[in-house]
Amino acid sequence: MSRDARLSVRKIDRDRNRFHEIVRGKIKQDLKKYVSHHELLGRKGGNIVSIPMPQIELPHFRFGPNPKGGVGQGDGNPGDPMQEGDGEGQAGEGAGQHSLEVEITLDELAKILGDELELPRIQPRGNNQLPMKGGRYTGLKPTGPESLRHFRRTYRRALLREIATGTYDPDDPVIIPIRDDKRYRARRDVMVPDFNAVIIYMMDVSGSMGKEQKDIVRTESFWIDTWLRSQYKNIETRYIVHDAAAKEVDRETFYHLRESGGTKISSAYELCARMIESQFPPEQWNIYPFHFSDGDNWSGRDTERCVKLLNDVLLQKANVFCYGQVRSAYGSGQFKKDLDRAFEDDPRVITSDIADRDGILGSIRSFLGTGR
Amino acid sequence: MSLTPELEAARKEIEGYAREYGLDCFETIFELLDADELNEVAAFGGFPTRYPHWRFGMEYNQLDKGYSYGLSKIYELVINNDPCYAYLMRSNMMVDQKLVMAHVFGHCDFFKNNLWFAKTDRKMMDRMANHGTVVRRLMDRVGLEPVERFLDCCLSLDNLIDPHSMFIRRRTEPTDAEPSAAEEAPVKFRAKGYMDSFINPREATDRERARIRKEAVQDAKLPPVPVRDVLSFLLEYAPLKRWQQEVLELVREEAYYFAPQAMTKIMNEGWASYWHSTMMTQRILRPSEVVDYADHHSGTLATRPGRLNPYKLGIELFRDIEDRWNRGKFGAQWEEMDDHEQKRRVNKKLGLGRDKIFEVRRTHNDVTFVDTFIHEEFAQAQKMFVYGVDRRTGQYQILDRDWTKVKEQMLFSLTNWGQPYIYVTDGNYEKRGELYLFHKWGGVDLQFDFAQATLKNLCWIWDRPVHLETMLENKAVLLTCKNADAEITQRELTPSEEPRGIGAG
C-alpha cells in the first residue's frame, strides 16, 4: 500500500493545495500590509519566507486568557514564580494557542505581487535563444528504441492500416503492428530565452536620510528584487551609496550605512555609468538602475550634470531608469521636479514619490508597471 | 499495511493478556504506517476517508514539519469504532509497538464500556466516508467555494452542542391532536344555519383560522426553554437550503462523535496508561526491553510545572482508587476520621480495587472523576497547586496548595470540556426574527476577537441580526451583529433591563 500511496496522489494533497490557495488569497488581500512592513526580510531563509497568519484559524466561542490561572504539578512554595511560558493552557483544554505561520517561496510571493499590481511581464531586450539542455519527450518519430515506443499511436496506426486493407476482423480483433506503424517518443529541444539582468541600487545616505527613509528604501528594494528575480534567471545586484562622493558597497552596508554629509547625486550616476561600461554591456544585459534619495541635491549645477549623464550614458544603456523620492523632514524634494521637467515625455525615466510606508506599493507599481 | 509476522505475534499475545485482565474490547485492527502516512491519517482526525477541507491540509503541514524537524512524533492513533482501528508507526522500536498495543487495548475497552461513549456511532468509519461523499458531491454540484465557506461557518460553531442531549429527550414533539380553542372557533358573523355558508364563506374562515394559528406561532416562545444545542436549533429554524442542511447536519454529527473524547481525556488516557503499565510490567516485557520501556513510559508521564498531564493524572488517580478500595479507604467512616496518620494507614484488606476501577471507568467522565476521587492526601502526594498571575509582577506564580482550591480550579476548567456555555434563549427576539444568545458567564470572558468573528458566522447562517449577551470586564454587554459584513456593535446592558439569560428563566 505504501508504495502505491506514494505513486498516486494522496488524499491529503488536495487539502494541502486548497490550504495553500487560501493562504495565497489571504496574502493577496493583505498585500499592502505585508509589503509595507519589512518583518518579512528578517525572516528570509534561503528561498522561503514564513509569514505570520493568525486570521486563518477557524474562530470559535472560547475562553480568553484565564486571569485565575490553572492547576499545575510540581515542587515549590506558594509565591514562587513559575518559569516563563509555563502558564499557557489549562487542564482539559484542547490545543494550546500558538501563532500560526505559513511558509511560501519567494517565487510565489513575486507572482502574487505581479498579479495584484497587474505588473506586465517584462519584455527582455535582444533575442538570444539557447536550446535548453535535456529537452522533453514531447515529440514523435518513426524510428527509435523499442523502450520509447508509443503504444497508443502505434496501435492506432496499425488499426487504421488493418481496417484500410480489410484485414481487420471485429470478431477477432487482433492487431499486429508492422514496422511502418511504429512510432517512438522523441525529444524535442526547447528554446529558452537567455537573458541577464543587473539591478543597480543607488541610495542617498546623506545626513537628511533617516532610519525610516532607509527602511522604506530597503523594503522597496526587497520587493523590486523579488519581482525582477522572478522574471530573469540570472540576476546581479549592485549597490552604490553616495553623499558628496559615491562608492560601491555590499548589500549589508547598503542597508545599514549612515553617513552624514552633503549630497552630490552626479557622483553616484558617474559611478553607475562607469560600472555599466566596464561590466555590463547592454547587448547582453538588461540594466535597471534605481536611485533613492530625499531629493535634496547639492546645487542646481549638479542636477544639470545628472541630467546630462542620464541623457548621454545611462538612458542609452539601461532598460529604464527609476528614481524614487522618499519624503523626509529635511529634504526639499527639488530633484524629482527637476527630473520630471527634464524628461517630461521620456518613458525611459520613471519617478515616484514615496510619502511613507503605505506609498511603497504604489511606487513599485509605477516602476515596474511599464514592463520595460 | 497489515502487521508483520513478528508484530502479529505480539498482538495475539497482548490481546490475550488484555482478555485475561478482563478488558472488554471491540475487535481491534492494527495498521502499520510510515510516518507521512500516519501524519496524513492524524491530520484527518484518524479517519482517512474524511470530507475534503483545507484545515486537514494545514494540520498535515504542521505535523509534517514537527516530525521532520524532530520536534514531535505520533506514537499511536486509535479510533472509536467497531471494529476499533489503531495505527502503528513502522519506524518505532519493537518495545514501543508493544507498549502502544497494550495502550490501545486500554482505549478500546474504554470506548466500548464508558457510558459517555454509549451513544456514539460505532460505524463512524463508514459514516465519515459517507460524509466525504456527500461533501464532494455537493462541491461538484454547488461549487467548491460556497460549500467551503458554509463548512467553515459550521465548523466555527461546532462546539455549540449539548453532549448531555444525547441521553435526554428534552424537546417534546409537537402534537397535532389538540388544536387550541381559538383555532376551533374562528370569529364568525352570526347567521342562520342555512345562510352560514354564504355569510361566513369557507375561504374567509380558513383565512381567519390560518391567521390565528400564525399569530399563535409568532407569540409562542421559541425555543420554549433555552437550548444549548445551537446547531440543532439552526438546523430546525435557520433559513437553510437543502444542501446547507446536509452540511450542517454532518458537522453536528461529527461534533457529537468527538465530544465524549474531550469529556474523558484524563480518564481515557489514564485508563490506557494504567493498562499498558500493568500489562508491560507484569507480562510483556523481556529483560532486554526494560530500560527502553522505562524511558518511554516516564516520558509519557512527565509533568511540567504549568500544565497538567492527563496521562499522569489519570493513571495516578486510577492507581489511588485501586489502592483505596483494596484497603478499604472509603466510605463515610473513613472520610470522617480525624487523625490523618491513622486515616492514611487504614488497611482492611478488602481487595475491591480492581472491581472498583472497572466500575469507575464505566460510569464517570473527567468532571465527576476529579470531583469524586481527588482527596487531600492525593493532592498532596501529587504536589498539585493552583497558579495564577501575580498582580505586582505580572508573572505566573504558585498561589496555593490547598486541595479544595486545586479541585475547584480543575473542575472549573474541565466543566463543559473547557468550552463556554452558550444558549439560544430567543429565536424571535423583539418579534423580528432575530437570534438571541446568552453566554452563561462563569468567571472568564470570551476571547473577544474570536467571539466577534464567530458571531458574524452565526449571523451569516441565520440571515437576520444576531445578539450575544455576555460579560466583558465585569460588565454585562450585548454584542450585536446586524449582518455578516457589518461591524459588531457593542452595548452595555443596564441593570434595569430584563435579563434574558438563564438565571432569570
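The values are calculated or read from the model by the stated rules, or taken from the named source; none is laboratory data. Computed from a prediction, not measured in an experiment: that's the story for all the values here. Note that we place each Cβ from the backbone using ideal geometry, even for glycine, and neighbour counts take in every protein chain shown. Side chains included, ligands, DNA and RNA excluded: accessible areas come from the protein's heavy atoms. Shrake-Rupley method; radii C 1.70, N 1.55, O 1.52, S 1.80 Å.
Give the residues of the stretch B:17-48 that are in a helix (DSSP H, G or I) and of a type in the set (Asp, Glu), sorted by residue number. Once the filter is applied, which keeps residues that are in a helix (DSSP H, G or I) and of a type in the set (Asp, Glu), the stretch B:17-48 yields B:GLU20, B:ASP36, B:GLU37, B:GLU40.
Does the stretch B:257-267 include one or more residues that are of a type outside the set (Ser, Thr, Tyr) and at pLDDT below 85? Within the stretch B:257-267, not a single residue is of a type outside the set (Ser, Thr, Tyr) and at pLDDT below 85. Residue pairs whose Cβ atoms lie under 6 Å apart, separated by 6 or more positions or on different chains, with the first residue in the stretch B:140-155 and more than 12 Å from chain A (Cβ to nearest Cβ) and the second open to solvent by 10 Å² or more (accessible area, probe 1.4 Å), are B:VAL142/B:TRP243; B:PHE150/B:GLN244.
Residue selection: B:LEU71 fails the criterion of being touching a Leu at 6+ places or on another chain (Cβ under 9 Å) and either within 13 Å of chain A (Cβ to nearest Cβ) or hydrophobic (A, V, I, L, M, F, W, C) (or both). Residue check: B:ARG90 meets all listed conditions (1) more than 18 Å from the chain's Cα centre (by Cα); (2) charged (D, E, K, R); (3) not assigned by TED's automatic domain parsing to the domain that holds B:GLY70 but one, namely (3). Looking at the stretch B:379-403, which of its residues are under 27 Å from the mean Cα position of the chain (by Cα) and either of a type in the set (D, E, K, R) or more than 7 Å from chain A (Cβ to nearest Cβ) (or both)? Within the stretch B:379-403, B:ALA379, B:TRP403 qualify. In the stretch B:1-30, the residues that are within 21 Å of B:ASP82 (Cβ to Cβ) form Cβ pairs under 7 Å with partners that are among the basic types (Lys, Arg) and not in a loop (DSSP other than H, G, I, E, B), at six or more places apart or across chains, as follows: B:LEU3/B:ARG11; B:ILE14/B:LYS98; B:ASP24/B:LYS112; B:CYS25/B:LYS112; B:PHE26/B:LYS112; B:PHE30/B:ARG11.
Can you find, within the stretch B:408-428, the residue that is farthest from B:ALA381 (Cα to Cα) among those that are more than 9 Å from every other protein chain (Cβ to nearest Cβ) and not polar (S, T, N, Q)?
That would be B:GLY427.
Of the residues making up the stretch B:326-357, those that are surrounded by 17 or more Cβ atoms within 10 Å (Cβ to Cβ) and assigned to a helix (DSSP H, G or I) are B:ASN326, B:ARG327, B:GLY353, B:LYS356, B:ILE357.
Tally the residues that are over 20 Å from B:ALA18 (Cβ atoms), open to solvent by 60 Å² or more (accessible area, probe 1.4 Å) and either without any contact (Cβ under 8 Å) to a residue 12 or more places away in the chain or among the hydrophobic types (A, V, I, L, M, F, W, C) (or both), restricting the search to the stretch B:261-302. Working first, answer last.
Taking the stretch B:261-302 first, the residues over 20 Å from B:ALA18 (Cβ atoms) are B:261-263, B:265-266, B:287-288, B:290-292, B:294-295, B:298-299, B:301-302.
Next, from what is left, pick out any that are open to solvent by 60 Å² or more (accessible area, probe 1.4 Å): B:265, B:287-288, B:290-291, B:295, B:298.
With the extra rule that they be either without any contact (Cβ under 8 Å) to a residue 12 or more places away in the chain or among the hydrophobic types (A, V, I, L, M, F, W, C) (or both), the set shrinks to B:287-288, B:290-291, B:295, B:298.
Count: 6.
In summary, strands (runs of 3 or more DSSP E) completely within the stretch A:167-209 and bearing 2 or more residues that are open to solvent by less than 10 Å² (accessible area, probe 1.4 Å) and at pLDDT 85 or above occur at A:196-204. Answer with yes or no whether B:ASN113 is in contact with a helix residue (DSSP H, G or I) (Cβ under 8 Å, 6 or more places away or on another chain), within 14 Å of another protein chain (Cβ to nearest Cβ), within 30 Å of B:TRP271 (Cα to Cα) and open to solvent by 10 Å² or more (accessible area, probe 1.4 Å). Answer is no for this residue. Test B:LEU317 against the criterion of being on the phi < 0 side of the Ramachandran plot, at pLDDT 95 or above and within 14 Å of another protein chain (Cβ to nearest Cβ), and give yes or no. Answer is yes for this residue. Of the strands (runs of 3 or more DSSP E) entirely within the stretch B:380-495, those holding at least 2 residues that are within 30 Å of B:SER165 (Cα to Cα) and open to solvent by less than 80 Å² (accessible area, probe 1.4 Å) occupy B:421-429, B:434-440, B:466-472, B:475-481.
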